[in-house]
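The values are calculated or read from the model by the stated rules, or taken from the named source; none is laboratory data. A quick note: this is a predicted structure, and the numbers were derived from the prediction, not measured. Glycine also receives a Cβ, built like all others from the backbone with ideal geometry; neighbour counts cover every protein chain displayed.
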Amino acid sequence: MAQRPLFRKVLVANRGEIALRIFRTLRELSIGSVAVYSDPDRAAVHVRYADEAFSLGGATSAESYLVVEKLLAAARAGGAEAVHPGYGFLAENAAFAAAVEEAGLVWIGPPPSAIELMGSKTRARRAMQVAGVPIIPGTTDPVRSPEEIVRIGEEIGYPLLIKAAAGGGGKGMKTVYSAEEAEQAFESAQREGAAYFADSSVYVERYLEDPRHVEVQVLADGHGNVVHLGERDCTIQRRHQKLVEETPSPAVDEELRARIGAIAVDAARAAGYRSAGTIEGLLAPDGSYYFMEMNTRIQVEHTVTELVSGLDLVRLQLLVAAGEPLGLTQEDVMLRGHAIECRINAEDPSNGFLPTPGTITAYREPSGPGVRVDSAVEAGAEVSPLYDPMIAKLIVHAVDRDAAIARMLRALGEYRIGGVKTLVGFHRALLSHPCFQAGETCLGIVESPELAARAEELAVDAGAPAVAGQRTVERVSAVEVDGRRVEVKVLVPEPGYRELARRRRERAAAAGASGVSDAVVSPMQGTVLDVKVAEGDAIEAGQVLCIVEAMKMENEVTAHRAGTVVDLAVVPLQPISIGQAICTIG
Ligand code: MV4
């Protein structure tokens, strides 16, 4: 009990549910917590939970959590000894990890060299090949011409998949089904690599059909101990965004678990890894397993592993960052029961999974046996268009897969979220679908209009607002401290008259954007990934016009009515701002 804490104080360079998740472990370990926040996050739950909080204001709000100097200044001001990056933002930025260490702080994560190695997909593939870790057949060096791709096609057969060397997570992937397609796919993959990662290098893999995404959680300390905590099945995805994760995988038995666990441990050792990490792999229908990439961070879906292992992964990250041994051998790892996580995103499945920012007017979380909710929202909270639309994770644990599905459906039925559309109805539809219940890959089901329609039916109406929005506004007041006059900025609830004025302004702006014309405008700031129509095309209502990427999410922009595409004003890979014209439907 009275043991000395691992650290006195830790800064979490993140927001939302993961910041809160880390603060909770810090509190259990009697470690002080330091939050940082952007201007729109001033009233956020993570800010109020921490012992102290520092503003990152100043820079564009969307980028506040990426400003290394401000984060280090907050760590200094708060007297933090260590920095936990969470996931996203700077979590896999080797330069940030190195800057933290150079500032004399402890980085709660892997060595910068391991982050860098895994950031280059070709370097990582080479290192894995040398270590005897199975990689997807293909090249371990960038390919420089379409002719090279054709040669590989002749050697290992089609289809092939071109991937960005600096990529990951599916961005910039292009399939090649025959020699004729090589040139166009090569050029387009290069273009996307350059646009997203400022690196046009691409490499080639054999394209595996209908694989499962099966990843293995590993833990490594600085004393040569590496263990795995079993797998997570993340096959249910949409546009490379995971939606449901579970463990154990319905496709992995004891023998396969031992085999892929050993592969993951070998991979972590070869990377010189320390901390919690994930080996992402593909499991082919014939049972072969291949390394795909390594995620050098705590992941969104770490929760399901925590439930079946009984371990606190954030505590173990802190422990090994403090230089302690894991204190855990492979034989000590006991995996019990079945856990499932559903990502509760503020998105509309009937509208191409487009984010639905706005005010959460009513909010009640499920609870009861075997239910865990990791969230950082409450009634009155704003879902900002600036950030990832994931507002919560609902995780359940039960004795087996069927019991876990039943428990998840029960918990989803208890969830009440008012004011914004969410994926609650979608998950109820998916988990009651025979394909999911049979443990299949559900290819094509996730995005089907049938499932979207069923999701709409199953979405729970949370009813009237429970509380008014709790926006805050700044008010400058003068106070005296020890007889000295100082001006302080006080954050007070937005007065009623200001709220009314703001609502009127917002309504007017929305009316102006949709207007009476048939202009289609971008619903968000981002990058045009792909344009699916051409000038003069006859289109149907609901047809996809283009894909706009923002916050690492791909969003479909669809036609609101049937007609003809005129004044098409976008090309692939151009930046686009909110409200900017895409085309007109004539
Ligand atoms: C693949 C693949 C097939 N063959 N690579 C990469 C990023 C990740 N989000 C999915 N990725 C894939 N890489 C080769 N060589 C298929 C996918 C894939 C996928 C894999 C498993 C389960 C669902 C998937 C959905 C889309 C793409």
Which condition from (1) within 24 Å of ALA379 (Cα to Cα); (2) assigned to a loop (DSSP other than H, G, I, E, B); (3) at pLDDT below 95 is the one that ALA59 breaks? (1)
Could you tell me whether any residue of the stretch 331-349 is on the phi > 0 side of the Ramachandran plot, away from the ligand (no atom under 16 Å from the Cβ) and in a loop (DSSP other than H, G, I, E, B)? yes
So which of ALA198, ALA194, ALA165 is buried (at least 24 other Cβ atoms within 10 Å of the Cβ) and closer than 30 Å to PRO575 by Cβ? ALA165
Filtering the stretch 551-571 for residues that are in a strand (DSSP E or B) and either more than 27 Å from the chain's Cα centre (by Cα) or free of Cβ contacts under 8 Å to residues at least 60 places away in the same chain (or both) leaves a count of 4
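Can you tell me which residue among GLY310, GLY370 is at pLDDT 95 or above, in contact with a His (Cβ under 8 Å, 6 or more places away or on another chain) and among the small types (Gly, Ala, Ser)?
Details: GLY310 fails: in contact with a His (Cβ under 8 Å, 6 or more places away or on another chain).
After ruling out the rest, the residue left standing is GLY370.
Could you please find all residues in the stretch 470-492 being assigned to a strand (DSSP E or B) and in contact (Cβ under 8 Å) with a residue 60 or more places away in the chain? Even if it seems obvious, please write down each step before you answer.
So in the stretch 470-492, the residues assigned to a strand (DSSP E or B) come out as 472-481, 484-492.
Result: THR472, LEU491.
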Residues that are more than 8 Å from the ligand (Cβ to nearest atom) and over 19 Å from PRO137 (Cβ atoms), drawn from the stretch 156-173: ALA166, LYS171, GLY172
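Among GLU183, GLU209, which is the only one that is surrounded by fewer than 18 Cβ atoms within 10 Å (Cβ to Cβ) and more than 14 Å from the ligand (Cβ to nearest atom)?
Details: GLU209 fails: more than 14 Å from the ligand (Cβ to nearest atom).
It is GLU183.
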The stretch 133-146 - residue that is away from the ligand (no atom under 14 Å from the Cβ) and either assigned to a loop (DSSP other than H, G, I, E, B) or without any contact (Cβ under 8 Å) to a residue 24 or more places away in the chain (or both) and, of those, farthest from GLY193 (Cα to Cα): VAL133
Select from the stretch 352-380 the residues that are outside any strand (DSSP E or B) and within 20 Å of the chain's Cα centre (by Cα) and list them in ascending order. GLY352, PHE353, THR356, PRO357, ALA376, VAL377
Specify the residue that is farthest from ALA346 (Cα to Cα); the eligible residues are those in the stretch 220-241 that are more than 12 Å from the ligand (Cβ to nearest atom) and in contact with a Phe, Trp or Tyr (Cβ under 9 Å, 6 or more places away or on another chain). VAL226
For the stretch 260-283, which positions are within 16 Å of the ligand (Cβ to nearest atom) and more than 22 Å from LEU318 (Cα to Cα)? ILE260, GLU280, GLY281, LEU282, LEU283
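Results for (1) in a helix (DSSP H, G or I); (2) surrounded by fewer than 18 Cβ atoms within 10 Å (Cβ to Cβ); (3) without any contact (Cβ under 8 Å) to a residue 40 or more places away in the chain, shown as yes or no for each residue.
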{"residue": "SER30", "(1), (2), (3)": "no, yes, yes"}
{"residue": "VAL34", "(1), (2), (3)": "no, no, no"}
{"residue": "SER64", "(1), (2), (3)": "yes, no, yes"}
{"residue": "GLU69", "(1), (2), (3)": "yes, yes, yes"}
{"residue": "LEU90", "(1), (2), (3)": "no, no, no"}
{"residue": "SER113", "(1), (2), (3)": "yes, yes, no"}
{"residue": "ALA127", "(1), (2), (3)": "yes, no, no"}
So ALA462, is it away from the ligand (no atom under 16 Å from the Cβ), touching a strand residue (DSSP E or B) at 6+ places or on another chain (Cβ under 7 Å) and either under 30 Å from HIS427 (Cβ atoms) or modelled with pLDDT of 90 or more (or both): yes
Those residues that are more than 26 Å from HIS397 (Cα to Cα) and touching a helix residue (DSSP H, G or I) at 6+ places or on another chain (Cβ under 9 Å), I need them from the stretch 353-379; list them, please. PHE353
Determine whether the stretch 45-57 contains at least one residue that is touching a Gly at 6+ places or on another chain (Cβ under 9 Å), within 24 Å of GLY358 (Cα to Cα) and not polar (S, T, N, Q). yes
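Could you list, in sequence order, the residues of the stretch 284-327 that are acidic (Asp, Glu), within 16 Å of the ligand (Cβ to nearest atom) and in a loop (DSSP other than H, G, I, E, B)? Full working, then the answer.
Start the filter on the stretch 284-327 by keeping residues that are acidic (Asp, Glu), which leaves 286, 293, 301, 306, 312, 324.
If we keep only those that are within 16 Å of the ligand (Cβ to nearest atom) too, we end up with 286, 293, 301.
ASP286, GLU301 - these are the residues of the stretch 284-327 that are acidic (Asp, Glu), within 16 Å of the ligand (Cβ to nearest atom) and in a loop (DSSP other than H, G, I, E, B).
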Cross-chain or 6+ apart pairs with Cβ under 7 Å, the stretch 235-251 first and at positive phi and in a loop (DSSP other than H, G, I, E, B), then within 8 Å of the ligand (Cβ to nearest atom) and not charged (D, E, K, R): HIS240/GLY169; HIS240/GLY170
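Scan the stretch 72-88 and tell me whether some residue there is under 30 Å from ARG8 (Cβ atoms), at pLDDT 95 or above, within 16 Å of the ligand (Cβ to nearest atom) and surrounded by fewer than 23 Cβ atoms within 10 Å (Cβ to Cβ). First the steps, then the outcome.
Going through the stretch 72-88, the residues under 30 Å from ARG8 (Cβ atoms) turn out to be 72-88.
Applying the additional criterion that residues be at pLDDT 95 or above yields 72-88.
Now drop any that are not within 16 Å of the ligand (Cβ to nearest atom), which leaves 87-88.
Now narrow it down to the ones that are surrounded by fewer than 23 Cβ atoms within 10 Å (Cβ to Cβ): 87-88.
So far as the stretch 72-88 goes, yes, one or more of its residues are under 30 Å from ARG8 (Cβ atoms), at pLDDT 95 or above, within 16 Å of the ligand (Cβ to nearest atom) and surrounded by fewer than 23 Cβ atoms within 10 Å (Cβ to Cβ).
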Hey, could you check the stretch 283-340 for residues that are without any contact (Cβ under 8 Å) to a residue 60 or more places away in the chain and under 28 Å from THR441 (Cα atoms) and say which is surrounded by the fewest Cβ atoms within 10 Å (Cβ to Cβ)? ASP286
Out of the residues in the stretch 441-459 that are more than 16 Å from the ligand (Cβ to nearest atom) and either at pLDDT below 90 or of a type in the set (Gly, Ala, Ser) (or both), state the one that is farthest from the chain's Cα centre (by Cα). ALA453
